[in-house]
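One structure below.
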Amino acid sequence: MKRVAVFTSGGDAPGMNACIRAVVRGAVYHGVEVFGIRRGYNGMINGDIFPMTSHSVSNIVQRGGTILKSARSKEFMTPEGRQKAHDQLMKHGIEGLIAIGGNGTFTGALKFFEEFQIPTVGAPGTIDNDLYGTDYTIGYDTAVNTALEAIDKIRDTADSHDRVFFIEVMGRDSGYIAIQSGIAGGAEMVMVPEVLTPISEVVETLKQGWSRSKSSSIIIVAEGDVEGNAVVLAEQIREQLAVPIDMRVTTLGHIQRGGVPTAYDRILASRLGLGALEGLLDGQKNVMAGIVNNELIYTPFIDTIKLPKPINEDLLRMVRILSV
Ligand code: F6P
């Protein structure tokens, strides 16, 4: 393989730049030409493809976001879109791809291979940490720390005013950010999409806390919680509580996707970027590079897409025990 291209796709995640840097510098080391594709599959379709050198990735290891920009491409979901993308790759002589992204990105790569046999190796880039085949995804650690910083600040004001706060963190289908930031932030409860927590249980926990003279409480809600988002939940709980309650809702939103990546994310992203590139050069295809038990492994896209990555439910139990 003499020429490869790298792109970022789906929701951006802190550490993606460190990953791009590792792919580009790895390619330079191995004497392979490397191109960048801007805005994910959209850039592939539109031919936004350009040569990269070692210098192209100077001073980016510490930056959040992605210098290649990102997108969720609707057009790539159509056969016409994929045909255009293939034509552009052929025009630029690209023989293999490194895709930094999540489930949607790998689903697209798999479909693309079925039609055009262009091999892709993935690197898991999503703050949600919801990909099977790696212990941690790029951006997750930074997102947890960003959420935690916010939770700590809210704890100060919650305590000053004796309030109950519902804090919504990201995680469309996954409670990883909620659990980690909840444990580290000493939350009273954590609500996640994977486990149903009945409203009555939240009400009971709040009442028990008050009976023990707890003045403030923080409940972390993953945005994809089955019972509803933080605003919906807070309203339902207000209705079920017989007593008036001073309650506030804070949605952390996209601040969790930005910011300077932690050391952990930069190191993880560097290992995964180089691992993905070297896997591709060794003949791997349709697999995602991941780190499991500190070892680099490759997992077929089909498994990363289909297999669940269960949360550790015992951690939820721990939240309850430790917040008494
Ligand atoms: O997949 C990462 C993620 O941040 C989810 O946690 C969140 O639901 C979603 O992306 C938000 O996407 P968008 O930026 O398109 O609103």
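In segment 233-267, what residues are closer than 17 Å to LEU148 by Cα, buried (at least 19 other Cβ atoms within 10 Å of the Cβ) and of a type in the set (Val, Ile, Thr)?
Pass one, segment 233-267, residues closer than 17 Å to LEU148 by Cα: 249-265.
Retained after the next criterion (residues that are buried (at least 19 other Cβ atoms within 10 Å of the Cβ)): 252, 256-257, 261-262, 265.
Across segment 233-267, the qualifying residue is only THR262.
Give me a count of the residues in segment 96-144 that are more than 14 Å from the ligand (Cβ to nearest atom) and among the hydrophobic types (A, V, I, L, M, F, W, C).
Of segment 96-144, the ones more than 14 Å from the ligand (Cβ to nearest atom) are 96-99, 108-123, 132-136, 141.
Filter once more, so that each one left must be among the hydrophobic types (A, V, I, L, M, F, W, C): 97-99, 109-110, 112-113, 116, 118, 121, 123.
Going through segment 96-144 one residue at a time, the tally reaches 11.
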Practice task
Give segment 268-302 a look and list any residue that's under 26 Å from ILE179 (Cβ atoms), open to solvent by 50 Å² or more (accessible area, probe 1.4 Å) and in contact (Cβ under 8 Å) with a residue 40 or more places away in the chain, or say none.
Solution key: ARG271, ASN293, ILE297
Fill in the blank from the handout: Pairs returned, first residue in segment 310-324 that is farther than 22 Å from SER217 by Cβ, second residue that is of a type in the set (Lys, Arg), beta-carbon separation under 8 angstrom, 6 or more apart or interchain, are none
Handout entry: Every pair of residues 6+ apart whose Cβ atoms lie under 6 Å, when the first sits in segment 20-35 and is of a type in the set (Phe, Trp, Tyr) while the second is open to solvent by 10 Å² or more (accessible area, probe 1.4 Å)
Key = PHE35/ILE49; PHE35/PRO51
Problem - Residue in segment 63-83 that is away from the ligand (no atom under 16 Å from the Cβ), assigned to a strand (DSSP E or B) and touching a residue at least 24 places away in the same chain (Cβ under 8 Å) present - result: no
Handout entry: Residue under evaluation SER323, criteria (1) modelled with pLDDT under 95; (2) open to solvent by less than 10 Å² (accessible area, probe 1.4 Å), criterion not met
Key = (2)
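Take GLY96 and decide whether it is among the small types (Gly, Ala, Ser), modelled with pLDDT of 95 or more, over 13 Å from the mean Cα position of the chain (by Cα) and open to solvent by less than 30 Å² (accessible area, probe 1.4 Å). So that I can check it myself, show each step before the final result.
Working: among the small types (Gly, Ala, Ser): yes; modelled with pLDDT of 95 or more: yes; over 13 Å from the mean Cα position of the chain (by Cα): yes; open to solvent by less than 30 Å² (accessible area, probe 1.4 Å): yes.
Judged against the criteria, GLY96 is a match.
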Exercise for the section: Hey, could you check segment 1-33 for residues that are closer than 17 Å to LEU272 by Cα, within 16 Å of the ligand (Cβ to nearest atom) and assigned to a loop (DSSP other than H, G, I, E, B) and say which is most open to solvent (accessible area, probe 1.4 Å)? Expected result: ASP12
Completion exercise
Just one listed residue, out of SER217, SER200, is farther than 23 Å from THR262 by Cα, touching a residue at least 24 places away in the same chain (Cβ under 8 Å) and either touching an Asp or Glu at 6+ places or on another chain (Cβ under 8 Å) or among the hydrophobic types (A, V, I, L, M, F, W, C) (or both), and it is SER217
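Considering only residues that are of a type in the set (Gly, Ala, Ser) and farther than 17 Å from ASP282 by Cβ, look in segment 100-139 and name the one that is most open to solvent (accessible area, probe 1.4 Å).
First, pick out the residues of segment 100-139 that are of a type in the set (Gly, Ala, Ser): 101-102, 104, 108-109, 122-123, 125, 133, 139.
With farther than 17 Å from ASP282 by Cβ added as a condition, the list becomes 101-102, 104, 108-109, 125, 133, 139.
On the way: GLY101: 0, GLY102: 13, GLY104: 59, GLY108: 13, ALA109: 2, GLY125: 1, GLY133: 11, GLY139: 0 Å².
Among residues in segment 100-139 that are of a type in the set (Gly, Ala, Ser) and farther than 17 Å from ASP282 by Cβ, the one most open to solvent (accessible area, probe 1.4 Å) is GLY104.
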Exercise for the section: Could you tell me whether any residue of segment 34-41 is open to solvent by 20 Å² or more (accessible area, probe 1.4 Å), touching a Gly at 6+ places or on another chain (Cβ under 7 Å) and farther than 20 Å from VAL260 by Cα? Expected result: no
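If I ask for residues that are β-branched (Val, Ile, Thr) and in contact with a strand residue (DSSP E or B) (Cβ under 7 Å, 6 or more places away or on another chain), which ones from segment 236-281 would you list?
ILE245, VAL249, THR250, THR251
The values are calculated or read from the model by the stated rules, or taken from the named source; none is laboratory data. Quantities reported herein were computed from a predicted structural model and do not represent experimental measurements. Glycine also receives a Cβ, built like all others from the backbone with ideal geometry; neighbour counts cover every protein chain displayed. In case anyone asks, the SASA skips ligands and DNA or RNA and just uses the protein heavy atoms, side chains included. Shrake-Rupley method; radii C 1.70, N 1.55, O 1.52, S 1.80 Å.
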